[in-house]
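**Q** Just passing along the structure, written as structure tokens.
The values are calculated or read from the model by the stated rules, or taken from the named source; none is laboratory data. Bear in mind the structure is a predicted one, so any value in this text is a computation, not a measurement. All Cβ positions, even for glycine, are placed from backbone atoms using ideal geometry, and neighbour counts span all protein chains on display.
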């Protein structure tokens, strides 16, 4: 369950400046976290990377 994202895309720069943080609203994040725990789910929590590439090409697969 991500609480923030590193924006590796080109789209969001059209809407917000690069220094604008990509973070979840604390109340929404905590509500989701508490609901998942109430259901017995232990989510992985952290920061994710967001990219605007739908499918990775061969070159990108070799990178990862």
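**Q** Criterion first (in a helix (DSSP H, G or I) and modelled with pLDDT of 95 or more) does residue 13 satisfy it? Can you show your working first?
**A** Values: in a helix (DSSP H, G or I): yes; modelled with pLDDT of 95 or more: no.
The answer is no for residue 13.
**Q** A further question follows. Look at the range 18-64 and say how many of its residues are on the phi < 0 side of the Ramachandran plot, part of a loop (DSSP other than H, G, I, E, B) and either in contact with a helix residue (DSSP H, G or I) (Cβ under 8 Å, 6 or more places away or on another chain) or at pLDDT 70 or above (or both).
**A** 16
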